[in-house]
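Values in this text are rule-based calculations from the coordinates and carry no lab data. The shown structure was predicted, so the numbers you read here are calculated from the model rather than taken from an experiment. Positions of Cβ are generated from backbone atoms using ideal geometry, with glycine treated the same way; all protein chains shown enter the neighbour counts.
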Amino acid sequence: MATDQSIHEHITALVDEEKKLREQLGHGEVTQGEEHARLASIEVELDRAWDLLRQRKALRETGGSPDDAAERSADIVEKYLG
């Protein structure tokens, strides 16, 4: 089961990967296409992680258990209009 801390650690790792990709692009170690493809994937992963944290917070605030939060698919998170 994910915890808030483990989700935050995952977010931090993804942000670090974003920075590393930009550095690699600057040094010519990856192509712009490779960077954009991976950045798009990272963005989706970040959206899903933030969504899970929001679910956990909402459950806590309404008397529920944050452990009842579930990671939603990329399709659901990316198309949410809320």
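Side notes on the structure shown:
- Condition check for Lys19: touching a helix residue (DSSP H, G or I) at 6+ places or on another chain (Cβ under 8 Å) and not β-branched (Val, Ile, Thr): no
- Helices (runs of 4 or more DSSP H) lying entirely in the chain (those with 3 or more residues that are surrounded by fewer than 13 Cβ atoms within 10 Å (Cβ to Cβ)): 4-26, 32-61
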